[in-house]
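The structure under discussion appears below in the form of structure tokens.
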Amino acid sequence: MKVNKAATGDTASLLFQSAWTGHAEMGLAGSMDFSIKVSDDGVAWTDAMVFDALTGHVTGAAVQASVGDFAPGKLAQATFTYGPGNLLGTVSEAAGQPTGAVIEQGSNAQGDYVRFADGTQICTAQVVVDVDQATGALYWSGAQQHAFPMAFSATPVGSGALASLASGWVNGRAGSAITWDFAAFATASTTGETADLIAIGRWY
């Protein structure tokens, strides 16, 4: 069966009726896009699904209209949902709404970081220090500073520990949105120790 129309603005469709009142229609209704329409009374019609003639993409009342559209019964739109293809990647946001991936992970010369779409960021680093400066009965590294691998939006919570020295410790904190400020201490002079640093805060 062929249903033909003379011009783009004309209609070539199948109309489904009950008691001679239209309730569903599908076809080319006033454009070259294929649409499926429904009506409760035969007067007011809703475009449930409209298939773009050029792209094949779908819009309509049955499809999510925005990232915050969670109305029951709607079909999910690929750009507003998450799956294996976009779960990991570069996170981003606009007015507090995620516009990129859910989780971003990376590393550079300063350490490692993980960012989440809700704004949470965790930075870690391993810094080699010499704990060989005498201070009373202890030894310390002197005041140290190390940049975060990724900056925070405000000063995060930071701390640290010595990785392998049981008789040593780190007094550390986030000195700003871009650096740790810390010092390592030990009961005996030692060099080449590794300070494990961590900071948790927000990237926006």
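FYI, it's all coordinate maths here, none of it is from the lab. Fair warning: this is a prediction, and the values are worked out from it, not measured in the lab. Cβ atoms come from the backbone with ideal geometry, glycine included; neighbour counts cover every protein chain shown.
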Packing-based ranking, highest mean first, of 59-67, 122-130 given that Cβ atoms within 10 Å are counted: 122-130, 59-67
Backbone N under 13 Å from the Gln126 label point (7 Å along Cα→Cβ), restricted to region 161-199: 162-165, 193-197
Non-local amide H neighbours of Gly60 (under 5 Å, H modeled in plane, Pro and chain starts lacking H): which ones? Val50
Hey, rough spin-label estimate for Ala143 and Leu14, points 7 angstrom out along Cα→Cβ, what's it come to in nanometres? 8.0
Quick check for me: using +1 on Lys/Arg Cβ and -1 on Asp/Glu Cβ, what's the dipole size of region 93-202 about its Cα centre, in debye to the nearest 20? 180
Subtracting the Cα-Cα distance from 0.36 nm times the residue separation, let me have the gained length for Arg173 to Ser39 in nm, one decimal. 41.9 nm
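How would region 11-80 be classified by its alpha-carbon gyration tensor: rounded, prolate or oblate, with rounded meaning a/c under 1.5 and the a/b versus b/c comparison settling the rest? Don't skip to the end; give the middle numbers.
On the way: a/c = 3.35, a/b = 1.47, b/c = 2.28.
It is oblate, given that a/c is not under 1.5 and a/b is not larger than b/c.
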Modelled FRET efficiency - R0 41 Å, Ser189 with Ser159, Cβ distances, 0.05 increments: 0.95
Please give the residues of region 1-41, grouped as numeric ranges, whose backbone N is less than 11 Å from a label point set 7 Å along the Cα-to-Cβ vector of Asp47. 29-37
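When Lys and Arg each count +1 and Asp and Glu each count -1, what net charge do the other residues less than 15 Å away from Ala166, Cβ to Cβ, add up to?
Details: positive: none; negative: Glu193, Asp196.
Counting the neighbours of Ala166, the net charge comes to -2.
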